[in-house]
Amino acid sequence: MKSVVRRLAPRGIMRQTRNCMTPAEEKDVKDGGADGVVMNLFTAINSALDCAMEKDPKVCLFGEDVNFGGVFRCSVGLANKYGKDRVFNTPLSEQGIAGFAIGMAVMGHKPVAEIQFADYIFPAFDQIVNEAAKYRFRSGGQFNCGGLTIRSPCMAVGHGGLYHSQSVEAYFAHCAGLKIIVPSTPADAKGLLLSCIDDPDPCLFLEPKILYRTAEEKVNKGSFKLPIGKARKIQDGTDITVIGWGTPVSDNGALTKAVKRAEADGISVDFIDLRTIVPWDVEMVVESVQKTGRLVVSHEASLTGGFGAEIVATITQECFLSLEAPPTRVCGLDTPFPLVHENLWLPNEMKSYDAIKKAVNY
Amino acid sequence: MKGRREVLRTLAFGGRRFKAQTAAFCGIRESEFVCTPEFRRDCGGFPVLRQLNPDGTLESNVDMPFSAEEALKIYGCMVRSREYDMVMNDAQRQGRITFYCTNLGEEAASTASCAAMQPQDMIWPQYRELGMYLYRGLTAQQIVDCCSGNEDDHAQGRALPVHYILPDANVQVTKAVLGTHVAQAPGAGYAYRLNGEDRVSVAYFGDGAASEGDALSALNYAAVLKCQTLFICRNNGYSISTPVSDQYAGDGIAGRGLAFGMATIRVDGNDVVAVYNATRAARLHSVTEKEPVLLELMTYRVGDHTTSDDSSVYRPKGEIEGRCADGEMPIERFRSFLVSKGLWDAEKDKALAAEARGEIVTAMRAGEKKKKPHPQHMFTDMYDELPWHLREQRDNMLEHIEKNRSKYNVANYRDL
């Protein structure tokens, strides 16, 4: 059985992602130098949408409450600048939003369709999975809706309960034909969203809502793109590979804090923000686990059937002889997302720290 | 009273008393206050446009809306639809293809409506619009190649039969999921309005698909967002075995257009002239007024739902014969008209039917000899560029086939 590992070059790693910047180059592009402005996640999204709409008249933005600025302020000012025809409210129907967006994309436009909360994306599931994902395939390449980007707030917010906290990437990761991206920083959000809007395949862009206001950094105010399918190495280490995406790997995220605790214990962590769920950066992860021999994956989504299972299965297969401990997952519980017990339900700092220690001491 | 003047009138009529004052609420049409509760159910009957009578004569206020050449083109597509249907249905019964879906009885609904459109109008079909496909250029060979899923199938054997792909004809792909395309057409219609194009998007759908959430949402979206979109519902009386009496309680599909604030018309779907005129007028309205139109074409599904269905189990005895009698059926009705105009005769009709049958039979014989598409086409057209995990799966699959050639009838596949 051929594997991606055996096709890697003997020295160094064959980069499968096009136009790949080095980490330093990426940092410069994101930061913007003199053109950098402090942004939080929602202003970074706003900036991305502004850049995209200024550059390309075929880009438009719509969804529930988008016109006045959006319930999370991601679209503030855009209707004034680009007009009601390009930044508009839709009736309250996620299946309608997704279907309408597909129709526009098929005609060569680049619709950015907002689903107000990822918890409410399910009426659009059919349109996304049966239509958008299969549009190119079932038409023998005659048609596609690659210009489509669906963006939606996701993940825990501290008080969201069952229907304002969900992580939905795993449902869609099972469906070939989509790209799924989850940023964890304002700069990544801007660069990745700009890439999604120009990407020739339909993209699902999931925005950790708690980061809208709490994540802040200097971001290039101009247009820049970051590669889809390429993970971000947060820090280099040698003892264990720790992977996550979204809120857990943000600057103040639970996994980030767990890694800091581990570092304080003298554990050297190779810490990766996956950023793209499909197609995920298997090269970076394999290279890392071949080096460290240990893996902990953490995501807010529930354990069973979560995307961590996919990573662990692939890494077990590809890095079996390198492993010093069983790869493990630290995830949300297999129950609906609770309100009062949120912190106990989530893969919090202490659960993740325990898992790292256990793997290192195996 | 100071301020607003109120005028109170007591009517002897039904003992109601109401204030003639406009109710000022958001989002409703102007109306009055009443002081007796009154529950409304409908807005009255919806008339059916009929211009070509079952006896083949036009209504006195109607002229033939197309040239003789166009009339014969439309008729030719309708006859081909019927003849191809009969042969392909038989082919399924003989085991030569796996599945087929006829269009019998609905030839006018799809052909005449399509004829009234412009070539640049983008059509989203459901699956019972063969006349439309033929009008736009689908050939017998393409039909057979698709239904056989052979190497010349544009879909590379990916989909069920009748899921035609017609390149460069502004027709989207037929697919099995119901109603989803109805929600997509408005997106295109919106784009046409933004771009100032002389173009409409069109979604065909049946009375059953009209119940899908996507279809209902689509009507609302198109009306609110002012999309240059035509919604053409073929109300043929059945959704597989479900008669319309089990599908909806309202006044067909047309009543929904009114609810969503859309220009709506109900048409005798078996009347070529009415369907043509209504569609042409609807298209003009949509492009000029930059808003959608709903057309409900009343027709009848003569055949089974598909070859997986036997409608004799649930259809009342004699119903088909009753519906097909007295010139109600589209081909017979239009033929009477053409003959009355001296444009057609029995001999030409016989020859056309034979020619059509010959085309599809010849195509079938050629199609059956072709190979299946190469298995690599399970992976092509997945993304703009194939990601690593699919490249890996593809390579593993091909390696597996290579190691087990004798188990997989590789000779059946092109270049395997």
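The values are calculated or read from the model by the stated rules, or taken from the named source; none is laboratory data. Because the structure is a prediction, the values reported are computed rather than measured. All Cβ positions, glycine included, derive from the backbone under ideal geometry; neighbour counts span all protein chains shown. Surface areas here come from the heavy atoms of the whole protein model, side chains and all, with no ligands, DNA or RNA. Shrake-Rupley method; radii C 1.70, N 1.55, O 1.52, S 1.80 Å.
Taking a probe of 1.4 angstrom, what is the accessible area of B:ASP381 in Å², to the nearest 10?
Result for B:ASP381: roughly 40 Å² accessible.
How big is the dipole moment of the protein assembly as shown about its Cα centre under a simple scheme where the beta carbon of each Lys and Arg is +1, that of each Asp and Glu is -1, and everything else is neutral? Debye, nearest 20, please.
Here the protein assembly as shown has a charge dipole of around 720 debye.
Using a 10 Å Cβ count of at most 10 others and DSSP loop calls, identify the longest part of chain B lacking such trypsin sites (Lys or Arg not before Pro).
B:42-316
When Cβ neighbours within 10 Å are restricted to other protein chains, what is their mean count per residue of peptide B:373-385?
Mean shielding count: 4.
Which residues' amide hydrogens lie under 5 Å from the amide hydrogen of A:LEU295, considering only partners 5 or more residues apart or on another chain, with H built in the peptide plane?
For A:LEU295, the qualifying residues are A:THR241, A:THR328.
Can you give me the pair-distance distribution of the protein assembly as shown, C-alpha pairs, 20 Å bins, whole percents?
15, 40, 31, 12, 1
What residue among A:GLY222, A:ILE311, A:ALA258 has its Cα farthest toward the positive end of the dipole of segment A:214-331, where the charges are +1 on Lys, Arg and -1 on Asp, Glu, each on the Cβ?
The listed residue farthest towards the positive side: A:GLY222.
In sequence order, what are the phi-derived ³J(HN,Hα) couplings for segment B:309-323 according to the Karplus relation 6.51 cos²θ - 1.76 cosθ + 1.60 with θ = phi - 60°, rounded to whole Hz, with x for glycine and proline?
10, 10, 6, 5, 6, 10, 8, x, 4, x, 5, 4, 4, x, 6
Karplus couplings for segment A:295-309 from phi (6.51 cos²θ - 1.76 cosθ + 1.60, θ = phi - 60°), rounded to Hz, Gly and Pro as x?
Residue by residue, segment A:295-309 yields 9, 10, 10, 10, 9, 6, 4, 4, 4, 6, x, x, 5, x, 4 Hz.
Please tell me which of these pairs span more than 29 angstrom C-alpha to C-alpha: A:LYS84/A:LYS221; A:LYS179/B:LYS371; A:LYS190/A:LYS260; A:LYS30/A:LYS257; A:LYS179/A:LYS218?
A:LYS179/B:LYS371, as the Cα separations exceed 29 Å there.
When the Kirkwood radius is taken over all Cα pairs of segment B:209-325, what Stokes-Einstein diffusion coefficient follows at 20 °C and 1.002 mPa s, in µm²/s?
Calculated translational D: 140 µm²/s.
What total accessible surface area, summed over both chains, is buried at the interface between chains A and B, computed with a 1.4 Å probe and given in Å² to the nearest 100?
Summed over both sides, the interface buries about 4200 Å².
Can you run phi through the Karplus equation (6.51, -1.76, 1.60; θ = phi - 60°) for segment B:145-155 and list ³J(HN,Hα) in whole Hz, with x for Gly and Pro?
Once rounded to whole Hz, the list reads 4, 5, 5, 8, x, 8, 4, 8, 5, 4, 8.
May I ask which residue of B:GLY189, B:VAL87, B:ASN404 lies farthest towards the positive end of the charge dipole of the protein assembly as shown, with charges of +1 (Lys, Arg) and -1 (Asp, Glu) on Cβ and the Cα centre as origin?
Farthest along the dipole direction, towards plus: B:GLY189.
Which residues' amide hydrogens lie under 5 Å from the amide hydrogen of B:TYR238, considering only partners 5 or more residues apart or on another chain, with H built in the peptide plane?
B:ARG301
Leaving out same-chain residues fewer than 8 places away, which aspartates and glutamates sit with a Cα under 13 Å from that of A:LYS351?
Here the aspartates and glutamates satisfying the reach criterion relative to A:LYS351 are A:GLU300.
Considering only DSSP beta bridges where both residues belong to the protein assembly as shown, give the percentage that are antiparallel (nearest 5).
Of those bridges, close to 25 percent are antiparallel.
Setting aside same-chain residues fewer than 8 positions from B:LYS372, which aspartates and glutamates have a Cα under 13 Å from its Cα?
Within the straight-line cut-off, B:LYS372 pairs with B:ASP145, B:GLU151, B:ASP152, B:ASP153, B:ASP415.
Defining a contact as two alpha carbons under 8 Å apart and six or more residues distant in sequence, what relative contact order in percent does chain A show?
Contact order relative to length: 17 percent.
To make sure I understand the rule: partners must be aspartates and glutamates, Cα under 13 Å from the Cα of A:LYS225, and not fewer than 8 residues away in the same chain. Which ones qualify?
A:LYS225 reaches A:GLU25, A:GLU26, A:ASP28, A:ASP31, A:ASP188, A:ASP198, A:ASP199.
Report, in listed order, any pair from A:LYS55/B:LYS175; A:LYS233/A:LYS357; A:LYS291/B:LYS407; B:LYS370/B:LYS407 with a Cα-Cα distance greater than 32 Å.
As for pairs spanning more than 32 Å Cα to Cα, those are A:LYS55/B:LYS175; A:LYS291/B:LYS407.
Given a 1.4 Å probe, how much area per residue of the protein assembly as shown is accessible, in Å²?
With all protein chains present, the protein assembly as shown gives 42 Å² per residue.
Starting from the Cα gyration tensor of segment B:157-224, take the square roots of the eigenvalues, sort them a ≥ b ≥ c, and report rounded, prolate or oblate (rounded when a/c is under 1.5, otherwise prolate if a/b is larger than b/c, else oblate).
oblate
What percent do you get for the relative contact order of segment B:134-282 when only Cα pairs under 8 Å and 6+ apart count?
Computed value for segment B:134-282: 16 percent relative contact order.
Quick one: net charge of A:VAL219's neighbours, Cβ under 11 Å, K/R +1, D/E -1?
Every neighbour counted, the sum reads -1.
Mind checking which of A:ILE45, A:GLY70, A:HIS109 is farthest towards the positive end of segment A:21-118's charge dipole, using Cβ charges of +1 (Lys, Arg) and -1 (Asp, Glu) about the Cα centre?
Going by the Cα projections, it comes out as A:HIS109.
From the Cα gyration tensor of segment B:233-302, with a ≥ b ≥ c the square roots of its eigenvalues, which class applies: rounded if a/c is under 1.5, or else prolate if a/b is larger than b/c, or else oblate?
Oblate.
Pick from A:SER268, A:SER47, A:SER167 the residue whose mean-square fluctuation is largest in a GNM of chain A, springs joining Cα atoms under 10 Å.
Its mean-square fluctuation being the largest, the pick is A:SER268.
Using unit Cβ charges (K, R positive; D, E negative) and no other charged atoms, how large, in debye to the nearest 20, is the dipole of chain A about its Cα centre?
680 debye
Starting from the Cα gyration tensor of segment A:23-113, take the square roots of the eigenvalues, sort them a ≥ b ≥ c, and report rounded, prolate or oblate (rounded when a/c is under 1.5, otherwise prolate if a/b is larger than b/c, else oblate).
In terms of gyration-tensor shape, prolate.
Treat every Asp and Glu Cβ in segment A:247-319 as -1 and every Lys and Arg Cβ as +1, leave all other atoms uncharged, and give the resulting dipole magnitude about the Cα centre to the nearest 20 debye.
Value, rounded to 20: 240 debye.
Can you list residues whose amide H is under 5 Å from B:TYR204's amide H, if they're 5+ apart or on another chain and H is modeled 1.01 Å from N?
B:TRP124, B:GLN126, B:ILE232
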